[in-house]
Amino acid sequence: MNLATEAVIVGGQTIKKKLIMALVGGFLLLGSLLTVYGINGVAYAAPISGFGEFTVKFNKLVGTNFKLYGGMANGAKVKNLPVAVNEMDHATITGLEISKDIPALGIRVVITSDQPVQIDGLIQKATLINGSATFNNLTMSENYVGDIADPMQAVAQEFTQGANTITIENGDLKTLYLFQRTVSLPGMKVYFEKLN
């Protein structure tokens, strides 16, 4: 018997539906990231929203012309969630990590940058902001909201604060919406982790 010409079948199974979902999801995410960030790691007018809450972590953020006020944002499954809206003209972030859990695929998508990230025109809507913050020329004010009929909108717009500069260390934010007029992500790395 000549073993070189015999076919050998090795046992195993592949669940085609899960494999196809993972491949399609991965290629769609990779394609959208390459489209948004381009080959050189710079994106212009890049909003991220509408697919549920994601996490933004960093070692340090230094921003200019900071504004914080209340607002509303839609999550993937819930509309009109109260959020803290952060705006900055410019931000420099070190140790950036953005992650999103995708339970249907059992994965977490992670985007990191090992070099300082430069952002112009940052708008972020967060449900939670943790970190150590320092402000320069901080102002807080209450705004007239008497002509706003919706009580949720009125509460969201009633209080504002601003500062010439803000520094946040050890930041951990839960975010529903992120917009950057321009962003440079040198040393960008995208990878997937299995959810436990």
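Tabulated values for the structure
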{"read-out": "Solvent exposure, largest accessible area first (probe 1.4 Å, DNA, RNA and ligands not counted), of LEU68, LEU185", "value": "LEU68, LEU185"}
{"read-out": "Residues of region 163-196 with amide N under 14 Å of a point placed 7 Å along Cα→Cβ from MET140", "value": "163"}
{"read-out": "Net charge of Cβ neighbours under 13 Å - reference LEU96; Lys, Arg +1; Asp, Glu -1", "value": "0"}
{"read-out": "Accessible area in the full protein assembly, largest first, 1.4 Å probe, for PHE54, PHE192", "value": "PHE192, PHE54"}
{"read-out": "Descending semi-axes in whole angstrom, ellipsoid equivalent of region 76-157, from the Cα gyration tensor", "value": "29, 22, 10"}
{"read-out": "Among ALA163, LEU138, PRO116 the positive-end extreme of the charge dipole of region 88-192 (Cβ point charges)", "value": "PRO116"}
{"read-out": "Prolate/oblate/rounded label for region 53-196 (Cα gyration tensor, a/c 1.5)", "value": "oblate"}
{"read-out": "Solvent-free Debye scattering, log10 I(q)/I(0), computed from the Cα coordinates of region 122-181 at q = 0.12, 0.19, 0.22, 0.28 Å⁻¹", "value": "-0.41, -0.95, -1.12, -1.16"}
{"read-out": "5 angstrom amide H check on MET72, placed H, neighbours 5+ away", "value": "VAL83"}
{"read-out": "Theoretical gain in end-to-end length, THR92 to ALA76 [0.36 nm per residue, Cα-Cα removed]", "value": "2.9 nm"}
{"read-out": "With every protein chain in place, region 52-141: carbon and sulfur % of accessible area (1.4 Å)", "value": "52"}
{"read-out": "Residue-by-residue Karplus 3J(HN,Hα) for region 95-108, coefficients 6.51, -1.76, 1.60, Hz, glycine and proline x", "value": "x, 6, 9, 10, 9, 9, 7, 10, x, 4, 9, x, 10, 10"}
{"read-out": "Surface accessible to a 1.4 Å probe, MET152 within the full protein complex, Å²", "value": "90"}
{"read-out": "In sequence order, calculated HN-Hα J values of region 81-87 (Karplus, 6.51, -1.76, 1.60; Hz; x Gly/Pro)", "value": "7, x, 9, 9, 9, 10, 10"}
{"read-out": "Per residue accessible area in Å² of region 60-151, where ligands, DNA and RNA are left out and the probe is 1.4 Å", "value": "55"}
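The values are calculated or read from the model by the stated rules, or taken from the named source; none is laboratory data. Please read these numbers as outputs of a predicted model, since none were measured by experiment. Here the Cβ is made from the backbone with ideal geometry for all residues, glycine too, and neighbour counts use every protein chain on show. We work out accessible area using only protein heavy atoms, side chains counted, and drop any ligands, DNA or RNA first. Shrake-Rupley method; radii C 1.70, N 1.55, O 1.52, S 1.80 Å.
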